[in-house]
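> First the structure, then my questions, so here it is.
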Amino acid sequence: MESETELSKEDFELIEAAKDAADRLHVDDFHEVAAALRTKDKKVFTGIHIEASVGYADVCGEVATICTAVSHGYRDFEAIVAIWGDGKGSYELLSPCGRCREVISDFSKDTWVIVGSLEHPYKVKVSDLLPLKYNNRKSS
């Protein structure tokens, strides 16, 4: 994995946007993981995890956020972050699950993912979190 990269002011603002979404949209046991995404032209989108009664039907916060950005016509992503929140001001920085890593990297292997902890956050390229990614697309 490439070395850890320090966060910019915009990255810290992205964490705050995810915290805000976690607080605004929180519902115990249903909406607890929020995410924030910044596009390459600096638009910020947020989303919230949706828990389903059947586990495989869950929608992660990162995927919900990507869907929001795509539905607004944005597909060029610069950075993304996920936050667990309890709705009462407690948060945890989360690393994306394997499915989210796949979806993020389908848009760009160069997207920054903010990981670590809130006390010591850093960012890495999604390609570093998902080495040797499977690709079923035929090369030209």
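> What's the ranking of 121-130, 61-70 by average number of surrounding C-beta atoms within 10 Å, highest first?
Packing order, densest peptide first, comes out as 61-70, 121-130.
> Among (i) 19, 19, 15; (ii) 33, 19, 13; (iii) 22, 18, 14, which is the computed semi-axes √(5λ) of the Cα gyration tensor in Å?
(iii)
> For region 13-94, run through the chymotrypsin sites (Phe, Trp or Tyr not before Pro) and keep only the ones in DSSP coil with at most 13 other Cβ atoms within 10 Å of their Cβ. Write out the running numbers ahead of the final one.
Working: sites: Phe30, Phe45, Tyr56, Tyr74, Phe77, Trp84, Tyr91; in loops: Phe30, Tyr74.
Sites meeting the loop and neighbour criteria: Phe30.
> Where in the chain are the helices, taken as whole DSSP H runs, whose Cα atoms extend 18 angstrom or more along the long axis and whose Kyte-Doolittle mean reaches at least 0.5?
Counting only whole DSSP H runs, no helix qualifies.
> Which of Val81, Val59 comes first, and how do the rest follow, when ranked by fewest Cβ neighbours within 10 Å?
Exposure proxy ranking, most exposed first: Val59, Val81.
Where a number appears in this text, it was derived from the coordinates with a stated rule and is not lab data. A quick note: this is a predicted structure, and the numbers were derived from the prediction, not measured. Heads up, the Cβs are rebuilt from the backbone with ideal geometry, glycines too, and the neighbour counts pull from every protein chain shown.
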